[in-house]
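A short write-up of the structure that comes next.
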Amino acid sequence: MTKTEKPEASPCFSDKMLLALARDQRNTSWAPYSNFTVGAACRGESGTAYFGCNVENASYPVGVCAERVCAAAAIAHGEKRITALAVAGANRDKAPEGELRPCGMCLQFLSEFMDRDRKILIADGSDGWVEFTLGELLPQRFKLENLETGEKS
């Protein structure tokens, strides 16, 4: 490591703690139209956790996904990179299911702040989870270089 490289902070929040935060955030979800509640929690490079829930709107495209809410909270608090994300979601009053996946818009949004090898944890119906990397869920992301060269990533 050179003097200019900054070592990654040791995480204050473990993966299990992020999953617990994501599950808990489902309780604050505003989902009167779909009744599908989603909570998310992410860990910034500092080791701090940020969280959010989905917020629906009668004008459906105006709603915001939990993943983007928590990532935006991290950036608003000064984080530049996200090192992990946990997501829990299901129909209201049901346990989170492992089949949930972040939508393409959220994955693209996250790719601005997460490296391809960073993990995304998705809560299952028990205390477990399934784990993917951002690169597995979004193998071809759109990035700044695409705007400058027109090339695919």
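Things to note:
- Between R118 and L134, G135, the built amide H atoms are under 5 Å apart, and every one of these is 5 or more places off in sequence or on another chain.
- Spin-label proximity, R116 to region 40-81 - amide N less than 20 Å from point 7 Å beyond Cα toward beta carbon: 81
- Nearest-ten-degree value, helix 66-76 long axis tilted from longest Cα axis of the chain: 40 degrees
- As a size descriptor, the averaged projected area of the C-alpha convex hull of the chain was calculated at 10.3 nm².
- Acute angle (nearest 10 degrees) that the helix 15-25 long axis makes with the longest principal axis of the chain, alpha-carbon atoms: 40 degrees
- Residues whose placed amide H lies under 5 Å from that of W129, excluding near-sequence neighbours: D124
- Calculated [θ] (222 nm, deg cm²/dmol) that DSSP helices of n ≥ 4 give over the chain, each run adding -39,500 (n - 2.57): -7000 deg cm²/dmol
- Cβ-Cβ distance of E148 and C103, R₀ of 35 Å, FRET efficiency by 1/(1 + (r/R0)^6): the value works out to about 0.85.
- Relative to the current alpha-carbon distance between R92 and T48, full extension at 0.36 nm per residue lengthens the span by 13.0 nm.
- Test item: Cα-centred dipole of the chain, Lys/Arg +1 and Asp/Glu -1 on Cβ, debye: 200 debye
Each reported figure results from applying straightforward, stated rules to the coordinates on display, with no laboratory input. Only a predicted model underlies this, so the values are computations on that prediction, with no experimental measurement involved. Quick reminder, even Gly has a Cβ in these numbers, built from the backbone with ideal geometry, and neighbours come from all protein chains shown.
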